[in-house]
């Protein structure tokens, strides 16, 4: 099966990378999953592959790949951006934007949104834009009467630009945006890019690194990136590296201008393979991530069922430790496509596409939300919250967020109250 120079100072993440969402929580109860909204009703969006972001009032924001009223070049709906607002009687959905609203609008947002301090939302689309079906970076701004306005900050596909942005965007301290494209760039194998605010107004874009399929560099960067306090950028590639099974890379600013990239870790299969997303990071600069395949357990076509790992800078080099290898049996989930969320106690939260106790499709389970808790002697304990039925939602591809009480919020690609197939849900798990 084909699996789909670091600075010497200790890494300290910028405050913009905090992963716990502090909004008022509801009273806790026994562990339970609640579907807050089922998609697929009329012109509602559907097929949620991106995660959520929350504001200080507990409103949730996200995207759907399909749905809305726009019709794109493939004859399918173009996707939506939505808000879910809590009330005493449940949750109300509001569509903020229907993509494909004009000839140069983007469409099909693969990932979730980020929010600035003013409440503006930013994201990417994998298709559309001014140069064809190459994708965009967009801003959604709230206006009078609850209306939201979209602005395209950048359209991909011109010259050696990247193509098909993937991975949720991040901010730097000046409000510039950074992300990755799956393909494109000078070599055709993906890019790391910056979309920056011009001094006189407007936005520009720079490609910081173009990946190369040269036997050393990684390629196909599918996930988000993170910063350290020195301004270095870190991320993962789906393939490439020394063993062809994916890599962890650093893109560092050079003293005279420009950026330099180097691979700081290559996956070999036993230590994981095919990292599809970026990292969580603690205050000491340790990275925590997932791989879709690989690990110490068999199954999943003989390629391993995925891992959770830690990457720490120790003794002048990077050391990787497997915290958990998933297994395609019992109640464990397997194939963790999403990245991780780290709470203040050092617990890690994520999702697996398959596994658990449900039986939604092909006998591979409905997927899970899992929690890994650190113990003594470097041990970690896994707690599994499985999806059980079609109505619960199933196949969660994106990561989760937490409120101040530890309630867990996320999305599923499929399932829900309507036809139980491709629609998807937003869910809450109360531990």
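Return the FRET efficiency for the residue pair residue 317, residue 373: r is the Cβ-Cβ distance, R0 is 30 Å, and the value is rounded to the nearest 0.05. Please list the in-between numbers first.
Values: r = 28 Å, r/R0 = 0.93.
Calculated transfer efficiency: 0.60.
To the nearest 0.05, what FRET efficiency results for residue 216 and residue 343 with a Förster distance of 35 Å applied to their C-beta separation?
FRET efficiency, residue 216 to residue 343: 0.45.
Please give the contour-minus-distance gain from residue 104 to residue 186: 0.36 nm per residue of separation, less the Cα-Cα distance, rounded to one decimal in nm. It would help to have the intermediate numbers written out before the result.
Details: separation 82, 0.36 × 82 = 29.52 nm, distance 2.37 nm.
Length difference between fully extended and current span is 27.1 nm.
Using Cβ counts within 10 Å as a stand-in for footprinting exposure, how do 276, 310 rank, fewest first?
310, 276
By counting other Cβ atoms within 10 Å of each Cβ, how are 360, 72 ranked from fewest to most?
Going from least to most buried by this count: 72, 360.
Over the Cα atoms of segment 225-332, compute the convex hull volume and normalise it per residue, giving Å³.
Here the figure is 104 Å³ per residue.
Assuming R0 = 56 Å, what is the FRET efficiency of residue 36 and residue 255, from their Cβ-Cβ distance, to the nearest 0.05? List each step's numbers first, then the result.
Working: r = 49 Å, r/R0 = 0.88.
After rounding to 0.05, the efficiency reads 0.70.
Using Cα-Cα distances under 8 Å and only pairs 6 or more residues apart, what relative contact order does segment 293-365 have, in percent?
22
Calculate how many DSSP beta bridges within the chain are antiparallel, expressed in % of all such bridges and rounded to the nearest 5. Don't jump to the answer; show the numbers that get you there.
Working: 114 of 119 bridges.
Around 95 percent of the beta bridges assigned by DSSP in the chain are antiparallel ones.
Highest mean first, how do 190-200, 176-186 rank when packing is the count of other Cβ atoms within 10 Å averaged over residues?
So the peptides 190-200, 176-186, ranked by packing, come out 176-186, 190-200.
Per residue Cα convex hull volume for segment 228-279, in cubic angstrom?
Cα-based convex hull of segment 228-279, divided per residue, equals 76 Å³.
Can you give me the orientation-averaged projected area of the convex hull built on the Cα atoms of the chain, in nm²? Numbers along the way, then the final one.
On the way: hull surface 82.3 nm².
Reported value for the Cα convex hull: 20.6 nm².
Give me log10 I(q)/I(0) at q = 0.20 Å⁻¹ for segment 324-431, Debye formula, one equal scatterer per alpha-carbon, no solvent.
-0.97
Calculate, axis by axis, the spread of Cα positions in segment 40-112 along the three principal axes, and write the results as whole Å, longest axis first.
40, 22, 20
Taking the Cα centroid of segment 200-276 and of segment 142-160, what is the distance between the two, rounded to the nearest whole Å?
If you average the Cα positions of each part, the centres end up 26 Å apart.
Just grab the label-to-label distance for residue 329 and residue 243, each label 7 Å out from Cα along the Cβ direction, in nm (one decimal).
The answer from the label model is 2.3 nm.
Can you put 217, 282 in order of Cβ neighbours within 10 angstrom, beginning with the fewest?
282, 217
Determine by what factor the alpha-carbon radius of gyration of segment 188-284 differs from 2.2 N^0.38 Å, reporting the quotient.
Normalised by 2.2 N^0.38 Å, the Cα Rg of segment 188-284 equals 1.13.
Given the alpha-carbon gyration tensor of segment 70-159, what are the semi-axes of its equivalent ellipsoid in whole angstrom, ordered largest first, with each equal to the square root of 5 times an eigenvalue?
Over the Cα atoms of segment 70-159, the ellipsoid semi-axes are 25, 15, 11 Å.
For residue 262 paired with residue 172, estimate the spin-label separation in nm (one decimal), with each label point 7 Å from Cα along the Cα-to-Cβ line.
2.0
No value in this document is a laboratory result; all are computed from the given coordinates. Nothing here was measured: the structure is a model prediction, and the numbers come from that model. Ideal geometry is used to build each Cβ from the backbone, glycine not excepted, and the neighbour counts take in all protein chains shown.
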